[in-house]
Structure formats: structure tokens, C-alpha cells
1. If you take the beta carbon distance between THR127 and SER310 as r and set R0 to 25 Å, what does 1/(1 + (r/R0)^6) give as a FRET efficiency, to the nearest 0.05?
2. Going 7 Å from the Cα of ASP170 toward and past its Cβ, which residues in the range 194-225 have a backbone nitrogen under 18 Å from where you end up?
3. Given 0.36 nm per residue, what is the gain on full extension from ARG141 to ASP194 after removing their alpha carbon distance, in nm?
4. Would you kindly state how much longer the chain becomes between ASP420 and ALA341 on full extension, computed as 0.36 nm times their sequence separation minus their alpha carbon distance, in nm to one decimal?
5. Fully extended, how many nm does the chain gain between GLN328 and ARG101 (0.36 nm per residue separation, minus their Cα-Cα distance)?
6. Between the range 357-400 and the range 415-478, how many Å separate their Cα centres?
7. Mind ranking 394-405, 277-288, 9-20 by how tightly packed they are, going by the mean number of other C-beta atoms within 10 angstrom, highest first?
8. Along Cα→Cβ, 7 Å out, is where each label goes; now give me the distance between the ones at ALA69 and ASP399 in nm to one decimal.
Amino acid sequence: MGAGEHAVAIVGGGPTGMMLAAELTLAGVGALIVERDEVPVPAVRSRGLQSRTIEVLDQRGVGERFVSAGMPAQVLHFPTTLDISDFPTRRPYGLALGQNRFEEILRDWLAELGVPVLRGCAVTGFTQHDDGVDVFLADGRSLRAGALVGCDGGRSTIRKAAGIAFSGWDPSMSSLVAEAHVRDASEVGTIHRDEKGTYAMGPADDGHVGIVVRDEDLTRDGDPSLADLRAAMISAWGTDFGVHDPRWISRFTDAARQAASYRDGRVLLAGDAAHVHTPMGGQGLNTGVQDAVNLGWKLARVMKGGSPESLLDSYHAERHPVAAQVLQKTMALTALMRGDARSEALRDTIGELMLLDAPRKMMAGMLSGLDIHYDLGEGHPLLGRRMPDLDLGSRTVYDLLHDARPVLLNLGEPGALQSDRVRRVDATYDGPWELPVLGEVAAPAAVLVRPDGHVAWVGDGGDDGLADALSTWFGPAA
Ligand SMILES: Cc1cc2nc3c(=O)[nH]c(=O)nc-3n(C[C@H](O)[C@H](O)[C@H](O)COP(=O)(O)OP(=O)(O)OC[C@H]3O[C@@H](n4cnc5c(N)ncnc54)[C@H](O)[C@@H]3O)c2cc1C
């Protein structure tokens with residue numbers, strides 16, 4: 001694949017677009033972010049990271065930047081708190097960290113990596129050619145790229161222009177969430193749950209108040225205004241408490257939709273552009289960041305001519321089922337959180353079940369992202385799962401992944417395995433092999449770890465199947 005003016009154009013500089021730009025840059029492929037907003041909107045939206053998201057950041061050596069800015073906590077709820085402190089990971093917790101701060105830290109990292117960002121530029125459409133994509137901007141300019149990735153959120157222009165279906169379920173509820181000033185703070189610190197839904201006000205920083213309130217009109221789709229917020233507050237509380245000067249206002253619904261295809265030729269979708277669902281359960285940002293980590297190294301290989309374009313099909317094959325499951329679980333959570341007596345009874349019953357070890361581990365493994373399993377065929381339980389961050393003496397496994405390149409980790413006889421395509425590391429590890437949810441598994445003699453940290457091949461002492469795995473993931477045999 002020959003590169004155009006830019007190797008990859010990424011539309012949208014949210015969490016997904018930024019993570020993808022970092023992944024491509026680390027893999028040696030130039031990425032340009034084109035972002036509609038002139039300046040970043042300080043919307044908090046997501047309030048935290050799941051364990052696997054912290055791990056993928058650890059894989060690049062930047063996890064600590066985020067952890068030190070947030071508060072490690074048990075953040076999983078279904079519908080009761082799911083404690084993962086007994087999970088075998090260096091990060092047996094989530095991280096309370098507002099999305100605005102998360103994005104700030106990502107932006108600083110991108111600046112260090114030298115990623116160019118074109119701000120204040122909305123993309124309006126594109127035309128695909130055999131060897132690239134022409135990308136059109138609202139100001140009349142256009143640019144040429146080898147590939148285009150729509151990370152432009154739930155109302156994705158790229159998805160619509162590509163004609164990719166976004167089917168699923170319409171909203172049954174809608175809420176406005178905002179940070180603003182109020183003249184009357186008498187209700188700050190209260191939370192109500194009744195037939196008007198959940199509506200609450202709590203203190204935020206700089207004298208702002210965080211507000212969540214039901215929006216009666218399910219048909220509205222554009223950005224919410226201060227007038228919308230006032231109307232919703234009057235409907236819930238009977239007054240708008242003199243709300244003014246919002247820092248940001250956002251809308252969330254329980255609509256659940258997923259793109260039918262994550263790829264159309266050289267145009268790909270990731271993050272909210274590919275899947276939307278209720279924020280309940282705290283999955284959206286995390287799924288998007290992990291989409292980016294799955295896609296980045298594959299797209300980089302294809303752009304550099306090291307792998308055929310068909311490698312990109314594995315992005316849809318692996319990530320579409322993950323988001324489909326997220327949609328299913330968040331829809332279940334929405335149903336459980338309804339305020340009527342029957343839903344409450346069901347919520348309590350599921351809550352009791354979640355006190356048992358097996359259901360808790362199964363659900364927490366999925367929601368934390370620690371038990372994501374890509375279907376790479378039959379074999380050792382590690383195949384297709386995330387590689388644990390084992391201690392290898394002077395370094396850990398994730399230290400070996402900092403440069404976003406694959407590793408053939410040989411834990412058997414030194415020099416036993418050969419590969420001219422990926423770096424081989426001989427190491428020793430005598431400890432247990434424990435996977436989240438599954439528990440202890442047989443120790444392998446070697447593993448081929450992809451740049452996204454998933455295991456592509458497991459060796460039991462010989463090299464059976466290694467050549468095939470190397471050519472599947474890292475190009476045709478030399
Ligand atoms: C109230 C609320 C609470 C949430 N809580 C959580 C949570 O606790 N945990 C969690 O994981 N997730 C949560 N989410 C979801 C999370 O915010 C999103 O999943 C996440 O922001 C998706 O990231 P993204 O980069 O894919 O898309 P976005 O963050 O939507 O970013 C898209 C970017 O593309 C830009 N853009 C759009 N169109 C164009 C265009 N035509 N040209 C150029 N640029 C364009 C936008 O300006 C934006 O910067 C919550 C969401 C809401 C609304």
C-alpha cells in the first residue's frame with residue numbers, strides 16, 4: 001500500500017483517535033489527526049478506566065502517568081460492585097479518572113511522539129481510490145491519505161459517508177449531564193430516583209455543579225443547549241435553580257447500535273463511531289481505546305507493505321464480537337436499573353448471584369477487559385487471550401512491548417526457536433501461570449505475543465505451528 005500525503009488520516013481526536021495515532025506512530029507510520037473542535041472541550045463524560053485499559057497503557061510504558069493522576073478503585077458494577085482485587089494482574093482495580101484529564105495526558109504523550117493534529121477542521125466526506133483516500137474538509141481543502149480511520153464518535157460522518165449500517169436499538173431513555181453554575185445550591189448533594197428517572201446534583205471543581213437529569217424528548221439528536229438543560233431541570237425539580245455558564249453539556253441515552261462492518265476498503269471505524277451504548281457500566285471509552293490498540297499495529301503493517309490488506313479483516317473479526325457483548329451487557333444493566341418494583345427485585349436477585357465467586361469472576365472478567373478472548377483457533381487457553389505481565393527478572397513482559405512490536409518469548413532452552421521476522425527474547429520464568437477467570441493454566445515453553453499483547457502462538461517445547469502463526473500475523477514467509 002503506497003502512502004499518500006499522509007500515511008493514515010484519523011478523523012477525531014477523542015480517546016480512540018489519540019490512542020490510534022500513538023500506536024501508529026510507535027509502529028513507525030505517520031498519522032495525522034483531523035479534529036473538528038478548535039480547542040478541546042473539557043467534558044468529563046467517562047469517569048474511569050478499566051483494568052485492561054490500564055494494562056494496555058502499561059504495555060506502552062505510560063500506564064503510571066494515568067494511574068498517578070487518578071484514584072485506583074473497584075469501579076465495576078453489575079448491578080453491585082464487582083471486586084477484582086483477587087484477579088491475577090498488576091492492576092487488580094480500575095481507575096477513577098475523568099475523561100478530560102485522561103485526554104489531557106494522552107495529548108501530552110502525542111506531543112512527545114510528535115503526532116500532528118489539525119484542529120478546527122471538520123471532515124465532510126471522502127473518496128476512495130485503489131491506492132488511497134481523498135479526505136474533504138469543511139473549509140474546502142482536501143488531503144490525501146493511504147488510509148482513513150473514522151474515530152469521530154457516535155454520529156460519525158465517516159461511517160455515514162461510507163454507507164455502513166448502524167443498526168440496533170432506539171433509546172428508551174435520555175439524560176442530560178452537565179457542569180455549570182447554579183444560583184440556588186440547596187439541592188447540591190442530593191440524588192432522586194423516581195418516575196422522572198434519576199436526577200441529581202453534586203459539587204464539581206472551580207465552583208461548578210455536576211448535574212444529571214432526564215431529558216423527556218427522545219427524538220433530539222444534536223448537541224444539547226443551556227435552554228434544553230433548563231427545561232429538563234424544571235421538569236424534574238420544578239425549577240432550574242438559576243443554572244448558568246455551563247462548562248459543558250452532554251446527552252446520553254440507552255440507544256445501542258453497532259456498525260455492521262468496521263472496514264470498507266481503506267476506510268475503518270473505531271470507538272464510538274463503531275459502537276454506542278449507555279454509559280452505564282463504564283465501557284465506551286475503554287472499548288474504543290482497546291479497538292485502537294487492536295487496529296494500530298495491523299494498519300501499520302499493511303501501510304508499510306509488510307502484510308496484505310486482508311490482515312485488516314481480523315480487526316473486525318476480533319473487535320466486533322467484543323463490542324457486541326458490551327452492548328448486550330449494558331442493555332441488561334439498563335433494564336436492571338429501572339425504578340419499578342419488578343426491576344428492583346431482579347436487580348437484588350442478580351446482586352445476590354454476583355456475591356458468588358464464579359458469576360462475579362465471569363462478569364468482572366468481561367467488563368474489566370481482562371478476559372477478552374480473540375478466536376484464534378483451538379489450543380492452549382492462552383491462545384487469543386492477553387499475555388500476563390510476568391516478572392522475567394530484570395524486566396517484565398510488558399516492558400518488552402513498549403515499542404509496540406511483536407515478541408517471540410522463549411522460556412525453554414535458550415536459542416531453541418528461530419525467527420527472522422520478529423524479535424526473539426530468551427528468558428526464564430518459574431512462577432505460576434494464572435489467567436483471570438480461568439485460574440491456573442499449564443506453563444508454556446514459548447509464546448508469540450502480538451504488539452497488542454494478545455498471544456498468537458503457544459509452544460510446548462517444539463516449533464509446531466510457529467511458521468504459520470508468523471506468516472498469518474507478521475507477513476508472508478521471507
Ligand atoms: C455522560 C457520559 C458518561 C460516560 N461514562 C463513561 C465511563 O464511565 N466509561 C467509559 O468507558 N465510557 C464512558 N462514556 C463513553 C465515552 O465518553 C465515549 O465512549 C468515548 O468518548 C468515545 O471516544 P471516541 O474517541 O471514540 O469518540 P469521542 O470521544 O466522541 O470523540 C470523537 C471526536 O471526533 C471529533 N469529530 C466528530 N466529527 C468530526 C468530523 N466530522 N471531523 C473531525 N472531527 C470530528 C469530535 O469533536 C471528537 O473530538 C460516557 C459517555 C457519556 C456521554
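Quick note: the coordinates plus some simple rules give every number you see, no bench work behind them. Model, not experiment: these values are computed from the prediction. As a convention, Cβ positions derive from the backbone with ideal geometry for all residues, glycine included, and neighbour counts pool all protein chains shown.
1. The computed FRET efficiency comes out at 0.65.
2. In the range 194-225, the label zone of ASP170 (backbone N under 18 Å from the point 7 Å along Cα→Cβ) covers 215-222.
3. Roughly 14.0 nm would be gained on extension.
4. 22.1 nm
5. Length gained between GLN328 and ARG101: 78.9 nm.
6. Each part reduced to its Cα centre gives a spacing of 14 Å.
7. Taking the mean over residues of other Cβ atoms within 10 Å, the ranking is 9-20, 277-288, 394-405.
8. Each label point is offset 7 Å from its Cα along the Cβ direction, giving 2.6 nm.
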